Structures are given as C-alpha cells and as structure tokens.
Amino acid sequence: MVRQDRDVRIYVPATLPLLQQWRQAGGIPSDAISYAVTAAVTAAVDGDSEEHEYAVSVLAADESLLLLAGEPDAQRRRVVVAVDAAANEAEGALVQLSEDIAWSKVAALLVDDVRSTNLVVAAIEAADPELLDETQLLWFAPDELDALVAESL
C-alpha cells in the first residue's frame, strides 16, 4: 500500500440518501469505498491525466450503480462525490481514505441527469453498467444537494 502525502482527487460512489446522511454527519467516513488515479490506473489507461480521472470517475459511477441496487427506495441516479484528500493506495484504482473527509472538502457532486432514470433502472435490472456508457454524469456544487433531491421527487 502506497501512502499519499499530498491531497489527490478522490471519487467516492454514493446514492442521494447516502449523501444526505454524510452531510448530516459532517462528512464522508474513512471506510467509504473510494477511487483515485493510482500508478496502476496510469499504467492501464492510455491518455493524459484528464482521461485517467475520467476512467476513475466511471469506476466510481459503476460502484454507485451497485449501491443503488441495494437501496430499492433510493432515487435511480448514480452519484459520485469528488473530494481532494489524502489516501492510501489499495488495489487498482481503489484507495483507502486516510481519515474521515469533512463535508467542506467536497469539491463536486457528479450525478445522473434526472432524465436518465429509465436507463439507470435498466442497468440495475440487467446488472450491466455498460448500458450507461453513453450517459455522462453532470457536475454540481455540493450546496446543490437539496435541489438534486427535490428534483427527483
């Protein structure tokens, strides 16, 4: 395991209800599944740093789909939280957060457009995240969480 001494962009898969819990608790717990560009990602993905970041965000979005499958009452939108924090490399793109991450360190929320709900449902039912390959997550500021939840109701 490689320890990061500097903050890196980390992508944490979530659901909207989970995000609300984390915000209420003050942040993201250190045991949250997390992904970042690691040496393994750089070696496996051709391209520049932007393409590496995109590949990692897609891995986190796929994991969000699995979280949604386990939360039948959650709104059918993949969610990924982008944070800048220190982490320890685990395996592949997986990293272990060094500590709980304060909500104030959240840089952005990546969320499916509400119009993608039917595609998300189909991907969950088929257990096939590739059905969403052409569906990109939209970026939102952390203070837009309440509006995102209300939009889906």
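For the range 103-121, the set of residues classified as of a type outside the set (Val, Ile, Thr) and either outside any helix (DSSP H, G or I) or over 17 Å from Trp139 (Cα atoms) (or both) consists of Ala107, Ala108, Leu109, Leu110, Asp112, Asp113, Asn118, Leu119, listed by residue number.
For (1) modelled with pLDDT of 90 or more; (2) part of a strand (DSSP E or B); (3) loosely packed, with under 14 Cβ neighbours inside 10 Å; (4) not charged (D, E, K, R), each residue gets a yes or a no:
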{"residue": "Met1", "(1), (2), (3), (4)": "no, no, yes, yes"}
{"residue": "Asp5", "(1), (2), (3), (4)": "no, no, yes, no"}
{"residue": "Tyr11", "(1), (2), (3), (4)": "yes, yes, no, yes"}
{"residue": "Leu19", "(1), (2), (3), (4)": "yes, no, no, yes"}
{"residue": "Asp46", "(1), (2), (3), (4)": "no, no, yes, no"}
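Condition test on Leu131, is it part of a helix (DSSP H, G or I), modelled with pLDDT under 90 and in contact with a Leu (Cβ under 9 Å, 6 or more places away or on another chain)? The answer is no for Leu131. Among residues that are outside any helix (DSSP H, G or I), out of contact with any His (no Cβ under 9 Å at 6 or more places or on another chain), modelled with pLDDT under 95 and among the hydrophobic types (A, V, I, L, M, F, W, C), Val95 is included.
Is it the case, given these coordinates, that Ala87 is more than 17 Å from Thr135 (Cα to Cα) and touching a residue at least 24 places away in the same chain (Cβ under 8 Å)? So Ala87 fits the description; yes.
The values are calculated or read from the model by the stated rules, or taken from the named source; none is laboratory data. Just so we're clear, the structure is a prediction, and the values are computed from it rather than from any experiment. Here the Cβ is made from the backbone with ideal geometry for all residues, glycine too, and neighbour counts use every protein chain on show.
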